[in-house]
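Q: One structure, as structure tokens, below. Some questions next.
The values are calculated or read from the model by the stated rules, or taken from the named source; none is laboratory data. Just so we're clear, the structure is a prediction, and the values are computed from it rather than from any experiment. Cβ: placed from backbone, ideal geometry, glycine included. Neighbour counts: every protein chain shown. We work out accessible area using only protein heavy atoms, side chains counted, and drop any ligands, DNA or RNA first. Shrake-Rupley method; radii C 1.70, N 1.55, O 1.52, S 1.80 Å.
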Amino acid sequence: PLGRVEYLCRNYEVLHHDAEKSGTCKLSLKDACRATAAAPSYFPKQKIMIDGKLHYFEDGALLTSNPSKVAILEALKAFPGAVLGCLVSIGTGRLPIGG
């Protein structure tokens with residue numbers, strides 16, 4: 001939608017040359033957090049310079065509200081043949097009281 005594309009803020013270098021998602025491992029934790037949480041209703045787009053090119057970031061939920069599938073596919077591509085032991089997904093949802 002509106003020219004938006006997924007862009008992964010990684011904490012590792014991609015060793016495989018056919019990464020399905022573009023991204024970088026050159027962001028600080030602060031910039032990565034601001035980029036992925038820039039919800040249009042609350043925060044302006046985040047402008048971040050990466051390798052001499054200006055990128056604009058908005059809330060990741062605009063494209064992928066639960067990024068678990070993206071993380072699993074990225075892990076399987078990066079570590080072929082590995083067995084996925086577990087996935088920790090830290091969200092902001094709540095269970096209803098008594099639910």
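Q: Within segment 46-58, how many residues are part of a loop (DSSP other than H, G, I, E, B) and touching a helix residue (DSSP H, G or I) at 6+ places or on another chain (Cβ under 9 Å)?
A: Qualifying residue count for the region: 1.
Q: Picking from ALA61, ALA38, ALA75, which residue would you name as being under 11 Å from the mean Cα position of the chain (by Cα) and either outside any loop (DSSP other than H, G, I, E, B) or under 15 Å from GLU6 (Cα atoms) (or both)?
A: Checking each option against the conditions leaves just ALA61.
Q: Consider only pairs whose beta carbons are under 8 Å apart and that are at least six residues apart or on different chains; among these, list those whose first residue lies in segment 43-71 and is at positive phi and whose second residue is open to solvent by less than 100 Å² (accessible area, probe 1.4 Å) and not basic (Lys, Arg).
A: Once the first residue is at positive phi and sits in segment 43-71, its partners that are open to solvent by less than 100 Å² (accessible area, probe 1.4 Å) and not basic (Lys, Arg) give ASP51/THR24.
Q: Which of the residues belonging to segment 24-33 are open to solvent by less than 80 Å² (accessible area, probe 1.4 Å) and in a helix (DSSP H, G or I)?
A: ASP31, ALA32, CYS33
Q: What residue, of SER89, SER65, is touching a helix residue (DSSP H, G or I) at 6+ places or on another chain (Cβ under 9 Å) and at pLDDT below 80?
A: Testing whether each residue is touching a helix residue (DSSP H, G or I) at 6+ places or on another chain (Cβ under 9 Å) and at pLDDT below 80 leaves just SER89.
Q: Return the residue satisfying two criteria in turn: it lies in segment 2-23 and is loosely packed, with under 11 Cβ neighbours inside 10 Å and hydrophobic (A, V, I, L, M, F, W, C), and of such residues it is modelled with the highest pLDDT.
A: Checked segment 2-23; the qualifying residue modelled with the highest pLDDT is VAL5.
Q: Report the residue count in segment 34-91 for those that are within 16 Å of SER22 (Cα to Cα), open to solvent by less than 60 Å² (accessible area, probe 1.4 Å) and acidic (Asp, Glu).
A: Of the residues in segment 34-91, 2 are within 16 Å of SER22 (Cα to Cα), open to solvent by less than 60 Å² (accessible area, probe 1.4 Å) and acidic (Asp, Glu).
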